[in-house]
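Student: Got a structure for you, questions after.
The values are calculated or read from the model by the stated rules, or taken from the named source; none is laboratory data. Source: prediction; values computed, not measured. Neighbour counts are summed over all protein chains in view; Cβ atoms, including those assigned to glycine, are modelled from backbone coordinates with ideal geometry. All accessible areas refer to the heavy atoms of the entire protein, side chains included, with ligands and DNA or RNA removed. Shrake-Rupley method; radii C 1.70, N 1.55, O 1.52, S 1.80 Å.
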Amino acid sequence: MAVARKQIVNLNTTTYYHCTTRCVRGEYLCGQDRISGKNYLHRRQLIIDRIAFLARYFCIDICAYAVMENHYHLVLRVNRDKAKRLNINQVYDLYTSIYKTSKPLAQAFFDKNASKQLKRMAKATILKWRARLYDMGWFMRSLNEFIAKQANAEDGKKGHFWASRYYSQALLDRSSLLTCMAYVDLNQIRSAQCSSLDSCLFSSIRQRLAQTQQSPESSMHEHRSLPCLLGFENTGSDGIDFSLQSYVNLVEVSGKVVREGKRGYLLDEHQGLLKELQLNEDSWTLLISKFEGMFHHFAGLPKKLNEHAGASGKLFHKGAARLNKVIASSRARDYTRCSTIN
């Protein structure tokens, strides 16, 4: 059953969301169309450039992205606090950099000779613009409409290019955020389009690798936080509470797991990172392989999912029972192994 977007997006609960948009009727967003023979690979860079453009003006941070043949993934952080710190001039400049507007009403706010009524109307308009700058719906609309118009013009077609508005999942805790980011970063590895992280040209993991190599000292920053990809550059925004180097290393080793389908491939040095995320090897491998289908509109550890479901007046959220079962069975197996050794 469809769920209203306002029931999913609640910034008091979480500011992190996973968004996916797919093409309609099997149309090709990017890649080689096996029916027509046309190649649409150039659209991947078009999408990335558009995301980069919007990230410079919206108060929405990019945590991870992956552009595939007929869909794309984004992990976003809605930065409401940043939007509320903007003054009137900044809001005006940012909004008018994205959208063409009727300027007289907004400019009246800066006109000292304007009437009080006109100033009140102008201020109300500016406040509406401020809210849109941290509205995930406006961000996705500005991205999808632009790409659809470009693609339809190129194909000489009219009508819908996207199958639906966009699908979103609320990431309720730190564990779901990091596993979702790894799931997105490993998309091209899972689909066998790439064999290594540095060959994932249209995925954010390639940029993460570059972040660890920005300077000779960067490799020593084991405790450097994982930065969001604001404007696809490190702009000094507060990052995610997890080591950048640890994340890249964990995703790199996990890429071998999902590519080769091997259990027990993670090294001992990564077990501490998983413990920090309140996960084990089995649950981590499950989530980075099937995250999107594992949950519905809300993702998180079983306890967090059950708490959120109760607060929302629901019996449960999809994924909690299965994840709990995987974690419990893994603990039982580890206990048996330890007892046998002793």
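Student: List pairs: first residue in region 149-160 and in contact (Cβ under 8 Å) with a residue 12 or more places away in the chain, second residue aromatic (Phe, Trp, Tyr) anywhere in the structure, Cβ distance under 7 angstrom, at least six positions apart or on different chains.
Tutor: So the pair list comes out as ALA151/PHE161.
Student: Can you tell me which residue is nearest to ARG43 (Cα to Cα) among those in region 162-178 that are open to solvent by less than 60 Å² (accessible area, probe 1.4 Å) and in a loop (DSSP other than H, G, I, E, B)?
Tutor: Filtering region 162-178 for residues that are open to solvent by less than 60 Å² (accessible area, probe 1.4 Å) and in a loop (DSSP other than H, G, I, E, B), the one nearest to ARG43 (Cα to Cα) comes out as TYR166.
Student: Name the single residue, out of those in region 23-47 being open to solvent by less than 20 Å² (accessible area, probe 1.4 Å) and modelled with pLDDT of 80 or more, that is nearest to SER97 (Cα to Cα).
Tutor: Only one residue tops the list, namely ILE47.
Student: Of the residues that sit in region 51-70 and are among the charged types (D, E, K, R) and open to solvent by 20 Å² or more (accessible area, probe 1.4 Å), which one is nearest to the chain's Cα centre (by Cα)?
Tutor: Step by step, filter region 51-70, then rank; the result is ARG56.
Student: Does LYS100 count as at pLDDT below 90 and out of contact with any helix residue (DSSP H, G or I) (no Cβ under 7 Å at 6 or more places or on another chain)?
Tutor: Criteria met by LYS100.
Student: Okay, next question. Give me a count of the residues in region 58-85 that are touching a Leu at 6+ places or on another chain (Cβ under 7 Å), under 15 Å from ASP135 (Cβ atoms) and not aromatic (Phe, Trp, Tyr).
Tutor: Looking only at that region, the number is 6.
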